Each structure stands twice: as C-alpha cells, then as structure tokens.
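Chemist: The following block contains the structure, expressed as structure tokens.
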Amino acid sequence: MTTSPADIAVIGAGPAGLAAAAAARGRGARVALLDSAGRPGGQYWRHRDGHNPIPASLRQDILAGHAVWHVEVEADGFVLHTTAGEVRARTVIVATGAYDRQLPFPGWTLPGVFTAGGAQAMLKGHGVPVGDRVVVAGTGPFLLPVAAALRHRVTGVFEAGSPLGFARHPLAVARNPGKLVEGARYLRALHGHRIPFHTRTAVVAAHGDDRVHAVTVARLDRNRRPVSEREIECDAVAVGYGFTPQLELPLQLGCDTRLDADGSLVATADEWQRASVPGVYLAGEVCGVGGAQLSVVEGAIAGAHAAGARPRRSLLRKRAALRAFAAAMHDTYRVGAGRPADDTIVCRCEEVTVREVRESVVDLGATDPRGVKLLARPGMGLCQGRVCGYATACLVAEACGRPVTAADLRGLAARPIAAPVTLGNLAEGVEDA
Amino acid sequence: MDVLVIGAGMVGAACAYHCAAAGLRVTVLDRGGVATGTTSGGEGNILVSDKEPGPELDLALLSVRRWRILGERIGADRLELEHKGGVVVARSAPALAGLADLTGRQRACGVDAVDVTAGDLPALEPNLTRDVTGGAHYPQDMQVQPMLAAAALLRAARDLGATVHTGTEVRGFLFGRDGAVTGVRAGSGDRAAGWVVNAAGTWGGEVADLAGAPLPVLPRKGFVLVTEPLPRVIRHKVYTADYVAGVASDDAGLETSVVVEGTRAGTVLIGASRERVGFDRRMSLPVIRELAAQAIGLFPFLADVTLLRTYLGFRPYCPDHLPVIGPDPRVPGLVHACGHEGAGIGLSAATGHLIAQTLTGATPDLDLAPFRPERFAA
Amino acid sequence: MTTFSFDGEEVTAEPGQSVGAALLAAGYRSWRTTRHGGAPRGLFCGIGVCFDCLVVVNGRPGLRACLTEVRDGDVVSSQEGAGRDHLAC
C-alpha cells in the first residue's frame, strides 16, 4: 500500500499524538495518524466500544492497526514500514508514549502479578478487573488512579516513596494547582473505599504456585532497605515503578538521547519539540515522562511547528510549568535499583536470574549491559529487553560499582525491528522491489 | 617473555588462552569490553565445508581439531560448542555438479564430506524444502556462541595468570633502539611487553598503522537475522552451494547467500550478507528482505516465523581473503592475528595455538608462510 | 455476546474484548508455560509490550492474548514453550 506521502505522519494516537495531529491539521497540513491499536486513544484515553474520545475532525486521518516496525530515512522524507503496509511522510512526529517500568522481585513472574498499566488496561479497556483483592504497589502518582478505578477490590496501596517529597518543590506545585486537586481527589476516593494507603512501603515478594495468593510487603528505611515485613493475602498485584519511554523509533532514526531525572532514557527535543534528526519531532513521554497534560501541550507545539506555524506562547509557558512539576515528581518518587536476591528472575522471557547477570560481570568480565546481554541473554527474548532493560542496566552498573549511564540504557533499547513481523511478510517486499 | 594481546575478542581470547597455557605471561587490552567488537557481530561458524582446498582449509582443519580440545578442556557447555555438522544444499544440476567437484577435492585434503542425494536430505533436515537437487553433509562443521566462547577463554586465561584490561585503548607503540617493539602506550599508561599481538579484528589495520607496519584489513558488512525462539527445528548449519562462491567473491556490491541454523537458545540465525561499504552501521531493509526470502526458500516453515531482531557485524578481510598470522619482519616484536574475514570465530582456535607455538619457539603445526604479514607489500 | 473455546471449554466474551481479557474474566490466570522452566504465565503488561500472554488462536501460536480480539467461534488453546512442537526435529 503506497500512496502519496503525507505532510506529517504522527506515530501514536495517545494524548501527545492526537494533540499533534489536531494542531497540524488545524494549520492545513495533510496528516496521517498511525496507531498500533485497533482503537486510538493510547494507554491514557482508553475507551470501550461506543465511547470515542477522538475529535470528529481527525477520524479520517487515523490509520488504526498500523504498528510501525521500522522507519527508513530517505532524501525527501520517511518511509514507515507498518504491519498494515508502508506509509510515507515528509515529517514525522514520534508520540509513542511509555509503558510501566518494573523492578524485579521474587515471584513477580507469577500469574496474577500485573503491571499497574496492565491492570488499568484490563479494567478501562475491557471492563475486567484483574482480581477481587488487589495489591497496588510501586511508586508514582499513577498508582492512585489505578487503585481508585478498582475501588473496593483494592486491598491496599503500597507506595515505595513518599508524596511528602513534593514539599521540597513548593514552586513547581504552586504553578500546577490542578495537579494537587487531582491528587487530593484520588486520595479522597481511596479513603471513601476504605483503601489503606501506605508510603515508604514496597512489595518485596509474591507468593503462590500457579497464581499469586499473597505478597510480602516491607517498610523501607531511609536507604530503601526493607526493615519490617508482613504478608498480605491477595489474588492480584498491580505494580509499576514509573514509566519507560518507547524509544525504538527515535533510536532507529538516530535521534540523540539522554538520561532523564527519573533514570529513563529519553530522546532529546529542542524548544519546538524537534529531535536532533531533521524532519523528526518528539512529543509526550518519548522526550521525558510527565503525564498526559504535558503530552498534550508538547503534541500541540510539535504539531503546530511541524505544520510551519509558530506555536502559541501560552503553550510554551504551560509546558514549562508542567515540566517543573514533572521534575518535582521525579525527585519525589525516586526509583532505586532494589536489591533482588540472586535467584530472582530478571528477564521474564529468557528466564535469566540476578545471579547470571552478576556472574557475567564478575566471572566473565562484562563491563556494560550490552555485554551482559550477549553473554547471559537478559533482553534477548521476545520482548527484546522492553521489560527488563532498566533493571538489567541497574544491576550491571551496580555490579560494576558505578551509576547507570545513558549508554547503558541505549545498549538495551536499540531495536531495529520495533514490532513483530513475520519473515514471510518481510520476504514479500522482495518482489515489490 | 611477556605477551601483550590487543583485542579481547574471539581471536585475542584464543591467543591469550593458548599463550597462557604455554606458560607465557599474558596481558590483554581492549578499548571496549569483552567480545563486544568484531566478535559480537558474528554467528559462531566453525566451518570446513565452505573452504576451497588451500591454506585457509588447512587452517580450518587444524582449528576444528583445536576446538575439540578446547571443548574438552573448558567444557563444551560453557562455550555452547556444538558438533552439529553442516549440510550444503544444491538446488540446480549445475550447482550440484559444482558441489560434487568441491567435495571430491575437499576429501583429498582430509575433509569429511559426504555426498547426499535429494532423497536422503530429509533424513538429515526434516524441515528442509523438498525442492532440492542434492547436497553434501560435513560432520566436522561446528558452532559456538562467540561471545560466550571468548569470555570463557579469557576467564580460563585469567585462571592461568593472564590479566585482562577492558576499556583500555592502545594509542601507540613503544620501540627500542633497534626498532623492535617494547610495549604499547595505552589509555592507562605505558605497558612493556616482549611481544605485542595484534588481534584487533576489523580494526587490525589501524593497530598495524600505529606500529608503522601497514596491513590492508578492511571491513565487510554482514547482517544476521534472529527469529523468535523455537524448538529444535534445524539440526545442522544449512546453506546453499552458492555460499561458497560468495565467500570467495571479490564483487564489491551486495551479495546474499543464506546460511540458516538453530541455536541452543532456540532462535534461528539467518546470515549472511556481504557488502563492502565501510563502517556503515545503518540497517538495510532490502538486505534483510533478501535474506528472509532465501531462508524461506530453504525452510518454507520460516514464512510464518517472527523476526525478533537483526544485527550486523564488520568482517575483517584482506585482499586475498586470507588472515594475517605470525611475526611481522618489518617490526620485530609485533605479531599479527587478524584479518580472518567471516571465519574468525572458527579459525581462532588454530590461530591462538599457532601464535603460542611461534612465541614459545616451537615449530608451528602449520606453515605460516601463506599468512605472512609482509605479503601485501607492493 | 461472543463465544469461543479455550482448551475445549466454552468461554463467553463481550464484543471487542481481547482473548486475554475474556480469559481473565472467565477466571483463568495462565495459559502458557515457559520454554526453560515450564513455569505458568498469563497476562502481565496487558498492552502488548511483554509477550508473556502468548496463546494459540485457531492453530496460530505466539499471539499476544492482550492484543488479539476475540471473534465468535475462535478455537483458543494454551501454549507450551514456543508453541511449535510440531516442527521439532
């Protein structure tokens, strides 16, 4: 399927992508809005049949079910190779979002342990709660809407950090009064459903044979070491330690990346949301995790500028305020590497343990995560390190006695094939050529 | 006498291990990590089947014997060394005639090459296409996990007293009054050595330049496709008879002749493209598509199998497609072990063994004359 | 309502639901065993990132249950290992 190139291809129809597409279209650009899902909205605007958050003006531009597996740079634009054919565009806006970041703990591979976003997707996208006695755990403000949505089914929320950390950032909070209101609303909802909210507490183990039936939670001391433990019965766990941006496409395109304040690898954007590669824009979590509101603002800036217009100054001010809040959030909900026991599985796909990762460093002389990946196979399985990449980088850096670097994360984030494609589909392209 | 090996890849690891085992004091330097350069882009081929009679085949036959010994000493499991054998498939009458001629000449050199009829190929490879004219079975061909093997050999060398310094780049050579090499200038300071072994793989030419003894080692780009994990679906290293022609080709353009094999991890590896385009790290979809199509031609079930990732490597080649092995008479004390093209993993065991023999004054098992460094001098 | 079979049992789903969501709603937690440890796995990320919820749908293995929409009459079965044992040799 090769048609005439669009002016702008927006990849990802979440908050950032939709805002970018709307802004670009509003300025007369011909837009193709690609999304891997059958129904757009991204992970944030989930909607079941009958509820469509997509503005009518954009519906004709949406290419649903188009998972981009590779981007090629050509002289006059880009070729997006998708699971539903090729799309050509002169400019690309990458708005591929993020997914839950995970820190391994014993038992996290048991059925019934979900990512926080997974629990939310099941409930909001499919109307299915993940359990009747759900433990919500991890760190960050996202745990609150997950728990609030599951309501009486939540046994407790266990936040490894402490929201009191926001007190260290009074200015950032003052510039974003809406965020405080939002947080207070969720906390009231938890209170209304009598859901206990524990801070400085983490799930350190999940128990069960073929499904989870209990977790061990522990109070954390100042150094994030577990000090007092207790077991809690549950039939599901929803866990997330912040988010990992989806950087496959920016990395394929050769965009510059950096280590953000939350420890994630993000693509570098300039004041107009331009990436370091000409013709490429970035919007939303790919250039720094900051939530849906920030994504919308960045999308609007990127879309307008990509369409040749000057983004409104008010957008730039809003972005500055929201970024200040994001920075305060990252500082408040700091994520440590954790210290999982040696027999804890790090890589769920290849079933690689913490011990094997450490031995690759100590016995075999690996000095970075890429080397460990080649020796012990964490990140070599079907998910290609999407789930274990961050934790592997942390464990390797710790074993090497140094902090995690952007290069460490890049070594596990580069994926020349960004979505599953069969060899048969690939080979079909030979006849076209 | 102290030996300093530049390069912690497969060839450097084999040199370090054999030298340490021979009683030499060994230091290994690498500007990157263990096996993260040329070796990390390889497939792990230990092949006699793809070589025409000549010095490289003799080296490969020695290497197959040395790999067996390494497997026994270090543990085949720790190297993921598999004596799986190779199967070469001909898909036309001329290709089969050419293959039969090659196996005959290879047998005369000591290769175990068995001609196989089209009817007997399914017994060797049940999932192979039935659209074949015939083939050959090479029981001596082996496979190894290159990064693991290099790391395990370096580990074994360390146990024998060798030291390994990664993240340490060699920036120059130190010379005595007589012009002989006395050590190197490295990122971490000067290091004295009686012998310096250039095992820098694709960057062997740059190291040789630093020593003032130029070598024409050039990069040849090659892609490898990795599928989703599968049960054991392919038993041998399987490739088409065209592969042999491709390996020896001087064509500068793109060539693809597919090699398909299973791995212990369950993934199927699909190689091997050849492009002489310098150090260009960009992904090339036309090459990937061509390899996929050729692999499906050999194993039709692969059409439904998912591609997990691709990787690329730079094979260090010399104009005559032979490696450079042995002391450099132009610079006493400098010894080369590089330029093995796409066969460095396979040829590393013999290379390390021969270097150790040379440095200890023993008579090498093989005449090194065809691999001498000064052969390129105009 | 949509009806499909899972390992021979009849399961109902709401239109538009994924195989994974429908199985979860029906009380199933796992439908795959791992290649090395034979450990049970089911949904984890729920959004197509982790590849843990692999399932066989109408004979095709390796599909992500969280992304695969249920269709009426689908024959769904659990997946052991790579799900392609018929090719093993």
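Chemist: Step by step: first the residues of the range B:125-172, then only those that are β-branched (V, I, T) and touching a Phe, Trp or Tyr at 6+ places or on another chain (Cβ under 9 Å), then the one that is nearest to B:A93 (Cα to Cα). Which residue is that?
Modeler: Among them, the one singled out is B:T129.
Chemist: Could you list all residues from the range C:54-69 that are more than 10 Å from every other protein chain (Cβ to nearest Cβ) and in contact (Cβ under 8 Å) with a residue 40 or more places away in the chain?
Modeler: If the condition is that a residue be more than 10 Å from every other protein chain (Cβ to nearest Cβ) and in contact (Cβ under 8 Å) with a residue 40 or more places away in the chain, then C:A65, C:T68 are the ones that fit.
Chemist: Next question, about the same structure. Across the range A:1-35, what is the total count of residues that are assigned to a loop (DSSP other than H, G, I, E, B) and surrounded by fewer than 24 Cβ atoms within 10 Å (Cβ to Cβ)?
Modeler: 9
Chemist: While we're looking at this one, here's another question. Take A:T115 and decide whether it is open to solvent by 10 Å² or more (accessible area, probe 1.4 Å) and of a type in the set (V, I, T). Before the answer, list the steps.
Modeler: Details: open to solvent by 10 Å² or more (accessible area, probe 1.4 Å): no; of a type in the set (V, I, T): yes.
Considered against the rule, which asks whether it is open to solvent by 10 Å² or more (accessible area, probe 1.4 Å) and of a type in the set (V, I, T), A:T115 comes out as no.
Chemist: Let me ask something else about it. I'm trying to understand the selection: among the residues of the range B:130-163, which are within 14 Å of another protein chain (Cβ to nearest Cβ) and part of a loop (DSSP other than H, G, I, E, B)?
Modeler: Matches in the range B:130-163: B:V144, B:Q145, B:A162.
Chemist: Counting residues that are surrounded by 21 or more Cβ atoms within 10 Å (Cβ to Cβ), which strands (runs of 3 or more DSSP E) fully inside the range A:171-279 reach at least 1?
Modeler: Strands (runs of 3 or more DSSP E) meeting the threshold: A:201-208, A:212-220, A:236-241, A:243-245, A:257-259, A:265-267.
Chemist: Same structure again: What are the pairs, 6+ residues apart or on separate chains, where a residue within the range A:120-137 that is at the interface with chain C (Cβ under 9 Å from one of its Cβ atoms) has its Cβ under 7 Å from a residue that is buried (at least 22 other Cβ atoms within 10 Å of the Cβ) and of a type in the set (S, T, N, Q)?
Modeler: Correct list of pairs: A:A121/A:Q43; A:H126/C:Q17; A:H126/C:S18.
Chemist: Related question: Which members of the range A:3-23 meet the condition of being touching a Ser or Thr at 6+ places or on another chain (Cβ under 9 Å) and not aliphatic (A, V, I, L, M)?
Modeler: The answer is A:D7, A:G12, A:G14, A:P15, A:G17.
Chemist: State whether one or more residues within the range A:119-133 are open to solvent by less than 20 Å² (accessible area, probe 1.4 Å), under 18 Å from A:S162 (Cα atoms) and not basic (K, R).
Modeler: Taking every residue of the range A:119-133 in turn, none turns out to be open to solvent by less than 20 Å² (accessible area, probe 1.4 Å), under 18 Å from A:S162 (Cα atoms) and not basic (K, R).
Chemist: State the number of residues belonging to the range A:394-433 that are open to solvent by less than 50 Å² (accessible area, probe 1.4 Å) and under 20 Å from A:G263 (Cα atoms).
Modeler: Result for the range A:394-433: 14.
Chemist: Now, a different point. Kindly check whether there is at least one residue in the range B:338-346 that is in a loop (DSSP other than H, G, I, E, B), under 10 Å from the mean Cα position of the chain (by Cα) and surrounded by 19 or more Cβ atoms within 10 Å (Cβ to Cβ). Steps first, answer last, please.
Modeler: First, pick out the residues of the range B:338-346 that are in a loop (DSSP other than H, G, I, E, B): B:339-340.
In the following step, the residues that additionally are under 10 Å from the mean Cα position of the chain (by Cα) were identified as B:339-340.
Within this subset, residues satisfying the condition of being surrounded by 19 or more Cβ atoms within 10 Å (Cβ to Cβ) are B:339-340.
Yes; the residues of the range B:338-346 include at least one that is in a loop (DSSP other than H, G, I, E, B), under 10 Å from the mean Cα position of the chain (by Cα) and surrounded by 19 or more Cβ atoms within 10 Å (Cβ to Cβ).
Chemist: In the range A:359-383, which residues are in a loop (DSSP other than H, G, I, E, B), open to solvent by less than 10 Å² (accessible area, probe 1.4 Å) and out of contact with any Asp or Glu (no Cβ under 9 Å at 6 or more places or on another chain)?
Modeler: Result: A:A366, single match.
Chemist: Another question, then. Across the range A:208-253, what is the number of residues that are touching a residue at least 40 places away in the same chain (Cβ under 8 Å) and among the small types (G, A, S)?
Modeler: 5
Chemist: What residue, among those in the range B:272-320 that are part of a loop (DSSP other than H, G, I, E, B) and buried (at least 18 other Cβ atoms within 10 Å of the Cβ), is nearest to the other protein chains (Cβ to nearest Cβ)?
Modeler: Within the range B:272-320, the first condition is being part of a loop (DSSP other than H, G, I, E, B), and the residues that meet it are B:276-284, B:299, B:305, B:318-320.
With buried (at least 18 other Cβ atoms within 10 Å of the Cβ) added as a condition, the list becomes B:284, B:299, B:305, B:318.
Values: B:S284: 9, B:F299: 9, B:V305: 6, B:C318: 27 Å.
That would be B:V305.
Chemist: Identify, from the list A:D61, A:D76, A:D49, the residue that is modelled with pLDDT under 95 and open to solvent by less than 20 Å² (accessible area, probe 1.4 Å).
Modeler: When all the criteria are applied, what remains is A:D61.
Chemist: In addition: If A:R310 passes every condition in (1) over 26 Å from A:Y390 (Cβ atoms); (2) open to solvent by 20 Å² or more (accessible area, probe 1.4 Å); (3) touching a residue at least 12 places away in the same chain (Cβ under 8 Å) but one, which one does it miss?
Modeler: Status for A:R310: all satisfied but (3).
Chemist: If you don't mind, there's one more thing I want to ask. Scan the range B:204-228 residue by residue and report those that are among the β-branched types (V, I, T) and part of a strand (DSSP E or B).
Modeler: Selection gives B:V224, B:V226, B:T227.
Chemist: Another question, if that's okay. Checking B:L269 against (1) more than 7 Å from chain A (Cβ to nearest Cβ); (2) over 22 Å from the mean Cα position of the chain (by Cα); (3) open to solvent by 10 Å² or more (accessible area, probe 1.4 Å); (4) at pLDDT 95 or above, which test does it fail?
Modeler: Exception for B:L269: condition (2).
Chemist: A follow-up question, please. Looking at the range B:1-107, what strands (runs of 3 or more DSSP E) fall wholly within it and have at least 1 residues that are at pLDDT 95 or above and surrounded by fewer than 22 Cβ atoms within 10 Å (Cβ to Cβ)?
Modeler: By residue number, B:25-29.
Chemist: Take the range C:15-35 and flag every residue that is open to solvent by 10 Å² or more (accessible area, probe 1.4 Å), assigned to a strand (DSSP E or B) and not basic (K, R).
Modeler: C:T33, the sole residue that qualifies.
Chemist: Here's a follow-up. Scan the range A:314-335 and tell me whether some residue there is touching a strand residue (DSSP E or B) at 6+ places or on another chain (Cβ under 8 Å) and of a type in the set (D, E).
Modeler: no
Every residue, every condition in (1) part of a helix (DSSP H, G or I); (2) farther than 26 Å from A:A67 by Cβ, yes or no:
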site: A:V396; (1), (2): yes, yes
site: A:R402; (1), (2): no, yes
site: A:G411; (1), (2): yes, no
site: A:P416; (1), (2): no, no
site: A:G429; (1), (2): yes, no
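Chemist: Take the conditions over 16 Å from A:R348 (Cβ atoms), at pLDDT below 95 and open to solvent by 50 Å² or more (accessible area, probe 1.4 Å) and apply them to C:E80. Does it pass?
Modeler: For C:E80, the condition - over 16 Å from A:R348 (Cβ atoms), at pLDDT below 95 and open to solvent by 50 Å² or more (accessible area, probe 1.4 Å) - is met.
Chemist: Also: Assuming A:T353 fulfils every condition listed in (1) out of contact with any Lys or Arg (no Cβ under 7 Å at 6 or more places or on another chain); (2) touching a residue at least 12 places away in the same chain (Cβ under 8 Å) apart from one, which condition is it?
Modeler: Every condition holds for A:T353 apart from (2).
Chemist: Right, another one. For the condition closer than 25 Å to A:L251 by Cα and within 18 Å of the chain's Cα centre (by Cα), what is the one hit in B:E261, B:E275, B:E290?
Modeler: Values: B:E261 fails: closer than 25 Å to A:L251 by Cα; B:E290 fails: within 18 Å of the chain's Cα centre (by Cα).
Result: B:E275 is the single residue among B:E261, B:E275, B:E290 that is closer than 25 Å to A:L251 by Cα and within 18 Å of the chain's Cα centre (by Cα).
Chemist: Moving on. So for the range C:33-43 (the condition being within 16 Å of A:P129 (Cα to Cα) and at the interface with chain A (Cβ under 9 Å from one of its Cβ atoms)), does at least one residue qualify?
Modeler: Checked the range C:33-43: at least one residue is within 16 Å of A:P129 (Cα to Cα) and at the interface with chain A (Cβ under 9 Å from one of its Cβ atoms).
The values are calculated or read from the model by the stated rules, or taken from the named source; none is laboratory data. Because the structure is predicted, anything quoted here is derived from the model rather than measured. Every residue, glycine as well, gets a Cβ built from its backbone with ideal geometry; the counts of neighbours run over all protein chains shown. Just the protein is used for accessible areas: all its heavy atoms, side chains included, with ligands, DNA and RNA removed. Shrake-Rupley method; radii C 1.70, N 1.55, O 1.52, S 1.80 Å.
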